[in-house]
Structure formats: C-alpha cells, structure tokens
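A quick write-up on the structure given underneath.
No value in this document is a laboratory result; all are computed from the given coordinates. No experiment lies behind these values; they were computed from the predicted model shown. We place every Cβ from the backbone using ideal geometry, glycine too, and count neighbours over all the protein chains shown.
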Amino acid sequence: MATIVEMGREGLGYAPADALDVVAELIAREDPQGSSYEFNVERLLRVGTTIWSLRHGVFLPGSGPGGSR
C-alpha cells in the first residue's frame, strides 16, 4: 500500500481510461482453464469498477476485498 501511495504522490499512475485498458489486458491474459481464473477475473473486474466509479464520482460503500462489509 505504501508503494501505491508513493507512486501516486510522484504522479506515476495511469490516467483512468488507461488504467481500465490495463485491467482489461490483465483479464485477457488470464487462462480460462486455470483454477483461479474466476477468482482473479472477479477481483480485476472489481478494480476496474472502482476506477470507473472514482472517475465518475460514484462511490461504492462497503465493497472490500471479500465483498460487502
């Protein structure tokens, strides 16, 4: 987490649209036959949803790593 904060402070993040493209690329690289495919894709989709929501000013309450809190 500290690395993410530091990179953000240094302006090293992606623009939101580019970040969504990266998430889509990571999803495309997942092996549909892999044992963790559904788990990984769901988490990546949630990251993409968070990026989209922040970009559009929509905040999703109670959506932690394990689902709703």
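Tabulated results
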quantity	calculated
Local electrostatic count at Thr3 - Lys and Arg +1, Asp and Glu -1, tallied over other residues with Cβ under 14 Å	-1
Environment charge of Ile27, counting only residues whose C-beta is closer than 13 Å and scoring Lys/Arg +1, Asp/Glu -1	-3
Ranked by how many other beta carbons lie within 10 Å on average, peptides 31-37, 12-18, 49-55 from highest	49-55, 12-18, 31-37
Over the chain, equivalent-ellipsoid semi-axes from the Cα gyration tensor in Å	22, 16, 13
